[in-house]
Amino acid sequence: MNTDKVFKLFREAKARCGLSDYVIVGSNSILALAGSEIPLPEAMTRSIDYDAYPRDDPGRAFDLVKELGENSPFHQREGIYLDAVSPALPTLPNGWRDRLTAAQRDAIRLWCLDPNDAAVSKYARGEPRDLRWVRAGVRAGIVSIHIVRDRLGKTHFADDEEQKRAWSHFKADVASSLKK
């Protein structure tokens, strides 16, 4: 994760829409810990897309895709891109907005999910790369299995299938002691 490039991406976003605050909800929400004393596992920093939206005007995210999204000139030049999302997209536990952490540089503030909230969302999606992210976070002490368990119980899932999938992945990880 190259934080200089990340802030460059969001400075470009600000230049196009005038907004300085963005919420990052995917794997790269781990950005809030970049530069801290906590070493970030490579499995948590692989993603080149930043699932994000402007905090004060989420719909404007989609106006940025042409210039900053996948296969855009910025993506081709810098190797990362903005993946415009809606705040309603990820499945997240109650209170997640209160736990956002800001990473700030100059006039840009990137509001990042708490890693445990991101883990809940990743269990709900259940894709192999999401599960690797959670497991790496637990092994590194960044994600707490106890907090995730509590927050899974405080999450409104899209449907019963998503809820079953999230709990199934969580229970499988606990049973295997996250050794995969």
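Structure values in brief
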{"read-out": "Surrounding net charge for Tyr81, when Lys and Arg each add one and Asp and Glu each subtract one, Cβ distance under 13 Å", "value": "-3"}
{"read-out": "Length released on extending from Arg60 to Ala15, taking residue separation times 0.36 nm less the Cα-Cα span", "value": "14.9 nm"}
{"read-out": "At most 14 other Cβ within 10 Å, DSSP loop - trypsin sites (Lys or Arg not before Pro), the range 42-79", "value": "Arg46"}
{"read-out": "Cα long-axis angle, helix 128-139 against the chain (0 to 90 degrees, to the nearest 10)", "value": "70"}
{"read-out": "Net length gained if the chain between Ala140 and Ala34 were fully extended (0.36 nm per residue, minus Cα distance)", "value": "36.8 nm"}
{"read-out": "The chain, relative contact order [Cα under 8 Å, separation at least 6], %", "value": "23"}
{"read-out": "Spin-label pair Gln76/Glu42, simplified geometry with 7 Å Cα→Cβ offset, distance in nm", "value": "2.9"}
{"read-out": "Stokes-Einstein D in µm²/s, Kirkwood radius over Cα pairs - the chain at 20 °C with 1.002 mPa s viscosity", "value": "130"}
{"read-out": "Charge context of Ala43, other residues only, Cβ under 10 angstrom, K/R +1, D/E -1", "value": "+4"}
{"read-out": "Rounded Å value of the spacing that divides the Cα centres of the range 1-64 and the range 82-153", "value": "13"}
{"read-out": "Stokes-Einstein D in µm²/s, Kirkwood radius over Cα pairs - the range 116-175 at 4 °C with 1.567 mPa s viscosity", "value": "116"}
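Quick note: the coordinates plus some simple rules give every number you see, no bench work behind them. The shown structure was predicted, so the numbers you read here are calculated from the model rather than taken from an experiment. Glycine also receives a Cβ, built like all others from the backbone with ideal geometry; neighbour counts cover every protein chain displayed.
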